[in-house]
Amino acid sequence: MKTMFNPRRTLQALGLAAGLALSAVAANAWADAPVLMSPQWASEACTAWNNTPELTNGLKGEFMHDDKGRGYKLVEMYRTDCGKDTVVELKLQLQNDKAMCVSGGAPTLKPNFDVDFLMHANTKQWEEMGKGEYGPMKAMMFGRLEFQGPKMVAMRAMDPFSAFLLLVGKVPSTTATCPK
């Protein structure tokens, strides 16, 4: 019996092969992704911060100027289910009239919660906030996001704060383990 060329089957086979190849690439990318809230993740979140105009422009005013004259502000965060000893920090400074992240990683400075912020939530809630399922107001009102720092400054920065929570979803990461 002679086999006939079937363009439809050929296209299906090519599509399947391409899909498998893309899946392998994606799996490798996620395998290399940092652990959520690890120092490596915080470094990548710092870069993402600087590429988010809602943060760099939206927080350049009162938020950045309320720093006790130190010239920087800290945002610390961790996954509650992984423990407080896994906290990471983002160090922010005003540069060229923008709120820029100048470093992200393991804590290097002592925060002053009169002007700095500490946030923590369970992994599931960080993922939900990162997907935009709800914003900071709902997260705080329902106890899904715990936070320490100047509440009035945070309240006046709700729109940029929403963009900050979305960084969790923008920076590729894995939640299979806790940060070390």
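The values are calculated or read from the model by the stated rules, or taken from the named source; none is laboratory data. Keep in mind it's a predicted model, so treat the numbers as computed, not measured. Because the Cβ atoms are built from the backbone with ideal geometry, glycine has one as well, and the counts that use them run over all protein chains shown. Quick note on the areas: whole protein, heavy atoms, side chains included, nothing else; ligands and nucleic acids left out. Shrake-Rupley method; radii C 1.70, N 1.55, O 1.52, S 1.80 Å.
A few remarks follow.
- Any hit, region 114-127, residues being in a helix (DSSP H, G or I), touching a residue at least 60 places away in the same chain (Cβ under 8 Å) and under 14 Å from C46 (Cα atoms): no
- Residues that are of a type in the set (A, V, I, L, M) and touching a strand residue (DSSP E or B) at 6+ places or on another chain (Cβ under 7 Å) were ranked within region 140-153; the one that is nearest to L74 (Cα to Cα) is L145.
- Taken as a whole, the condition of being open to solvent by 40 Å² or more (accessible area, probe 1.4 Å), without any contact (Cβ under 8 Å) to a residue 24 or more places away in the chain, hydroxyl-bearing (S, T, Y) and on the phi < 0 side of the Ramachandran plot applies to T108.
- Contacts under 6 angstrom Cβ, first residue in region 33-61 being at negative phi and buried (at least 18 other Cβ atoms within 10 Å of the Cβ), partner among the basic types (K, R) and not in a helix (DSSP H, G or I), 6 or more apart: T56/K98; K60/K98
- Residue in region 90-97 that is over 20 Å from W41 (Cβ atoms), part of a strand (DSSP E or B), among the hydrophobic types (A, V, I, L, M, F, W, C) and open to solvent by 40 Å² or more (accessible area, probe 1.4 Å) present: yes
- Subset of region 143-154 that is closer than 22 Å to V171 by Cβ and assigned to a loop (DSSP other than H, G, I, E, B) - its residue that is most open to solvent (accessible area, probe 1.4 Å): R144
- Any hit, region 111-126, residues being exposed (fewer than 14 other Cβ atoms within 10 Å of the Cβ), over 20 Å from E54 (Cα atoms) and among the charged types (D, E, K, R): yes
- Hey, G135 open to solvent by less than 60 Å² (accessible area, probe 1.4 Å), modelled with pLDDT under 95, more than 22 Å from S38 (Cβ to Cβ) and small (G, A, S) or not: yes
- The residue list M77, M129, M140 contains one member that is among the aliphatic types (A, V, I, L, M) and open to solvent by 30 Å² or more (accessible area, probe 1.4 Å), which is M140.
- Note on region 155-167: residues that are open to solvent by 10 Å² or more (accessible area, probe 1.4 Å) and closer than 15 Å to A121 by Cβ total 4.
- Any hit, region 141-162, residues being farther than 28 Å from R70 by Cβ and touching a residue at least 60 places away in the same chain (Cβ under 8 Å): no
- When region 168-180 is filtered for residues that are open to solvent by less than 80 Å² (accessible area, probe 1.4 Å) and either basic (K, R) or part of a helix (DSSP H, G or I) (or both), the ones remaining, listed by number, are V168, G169.
- Meets criteria (closer than 20 Å to M158 by Cα and not in a helix (DSSP H, G or I)) for M77: yes
- Some residue of region 156-175 being farther than 20 Å from C101 by Cβ and of a type in the set (A, V, I, L, M, F, W, C): no
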